[in-house]
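Here's a structure for you.
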Amino acid sequence: MTDFSNKIALVTGASIGIGRATALQLAQSGADVALGYLQDAEGAGETRAMVEAAGSKALVVRADVSRDAEVKAMVARVEAELGPVDILINNAGWARRQEMDQITEADWDAVVGVNMKSVFLVTRVCLPHMQKQRWGRIVNVSSGAARMGGLMGIHYSAAKAGMEGLTRAYASRLVKEGITVNAVAPMLIHTGEKRDNVARQKMVPLGRQGTAEEVAGAIMLCAGTEFMTGQTVHMSGGVYYGG
C-alpha cells in the first residue's frame, strides 16, 4: 500500500459506498481525510468514526459541490483545520433515472452540475497548492454509463463522459508539474444504496456485482502511481472491454 503519511485528502460524496471505502483506505495509508457530503450527515459521521479508528484525522464538511461559493468555503475549512489538499477524490455524484422526453432543462443542469461541473469547481480550488508543491493526485469517479449509455438517462451519461474529457485535459496540462489526474469508471457496484440481486448478477460475466472496496482499490492505485495519468480504469467485471 502506498504511504500517504503527512498527506491531506479530500473525498467528496464520502457518506457511503465508494466514497466511504476510499476514505477508509486513504486513512489506512496514513492520510488525514476531509469528508465532503451534502445530505447524509449521519453517514458522513459514520465514515469519520471509521477514519479515526484507522488512526487518521477526519473532518466532515457539508457542501453542494455544484456551487462555487460552497466549494470555496469547503476547501477553505479543510485548509484551516487539516491543511491544504494533496489528494483529491471527486466522487460526489447524483443520478436521476429519466427517459429522454422526461428531462427538463432544470433536470439537465442539476445532473450535469453535480457529476461534471463539480469536478471543475473543486479541482480549480485545490490546484494552486498542488502546483506550488509540484505534487498532487486527482482521481475522478466516472461510470460505465460514459461509454455504454446505461439506464440513468442521457444527462448522466453525458456528464460522466464530460468528466472523463476533463480528466484527460487536466492530465495533459499538469503532468509536467508533478500532478496526475485519472478516472475510475465502475459499473454494477453494490454500494449499500442498491441491493445486490440475481438480475444484476446475471448482467456481469464475472457472476456478481463489484464492491465499493474494490473500486476504492482502483482509486488508490491511481493515486499511488506516478507514471499513469490521463487514464480511465474500468471496473465492470467483464461487461466492458473498450479503451
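Throughout, read-outs are computed from the coordinates displayed, never taken from laboratory work. Values in this document were obtained by computation on a predicted structure and should not be read as measured data. Because the Cβ atoms are built from the backbone with ideal geometry, glycine has one as well, and the counts that use them run over all protein chains shown.
What ranking do 103, 16 get, fewest neighbouring Cβ atoms within 10 angstrom at the top?
Arranged by neighbour count, lowest to highest, 103, 16 become 103, 16.
If you don't mind, another one. What nm value, rounded to one decimal, do you get for the distance between residue 241 and residue 148 when each label is placed 7 Å out toward the C-beta?
Rounded to a tenth, the inter-label distance reads 1.3 nm.
Could you tell me the center-to-center distance, by alpha carbons, between region 56-90 and region 134-177 in angstrom?
Region 56-90 and region 134-177 have Cα centres spaced 20 Å from each other.
Continuing with the same structure: By count of other Cβ within 10 Å, fewest leading, how are 227, 120 ordered?
Values: 227 5, 120 16.
Fewest to most other Cβ atoms nearby, the residues stand as 227, 120.
May I pose another question? Over the chain, what relative contact order in percent results from Cα pairs under 8 Å that are six or more residues apart? Please report the intermediate quantities before stating the final value.
Numbers: 501 pairs, mean separation 44.1, N = 243.
Normalised by residue count, the contact order of the chain is 18 percent.
Cut-off 20 Å, label point 7 angstrom out along Cα-to-Cβ of residue 221: give me the residues of region 148-182 whose amide nitrogen falls inside.
148, 164-165, 167-168, 171, 180-182
Moving to a separate point now. Please order 5, 56 by the number of other Cβ within 10 Å, starting at the fewest. Provide the component values of the computation, followed by the final result.
Working: 5 10, 56 22.
Starting with the residue having the fewest Cβ neighbours, the order is 5, 56.
Tell me which aspartates and glutamates have Cα within less than 19 Å of residue 160's Cα, excluding those fewer than 8 residues away on the same chain?
Straight-distance partners of residue 160: 64, 99, 105, 107, 109.
When averaged across all projection directions, what area in nm² does the alpha-carbon convex hull of the chain cover? Could the numbers behind the result be given before it?
On the way: hull surface 50.0 nm².
If I average the Cα hull's projected area over directions, I get 12.5 nm².
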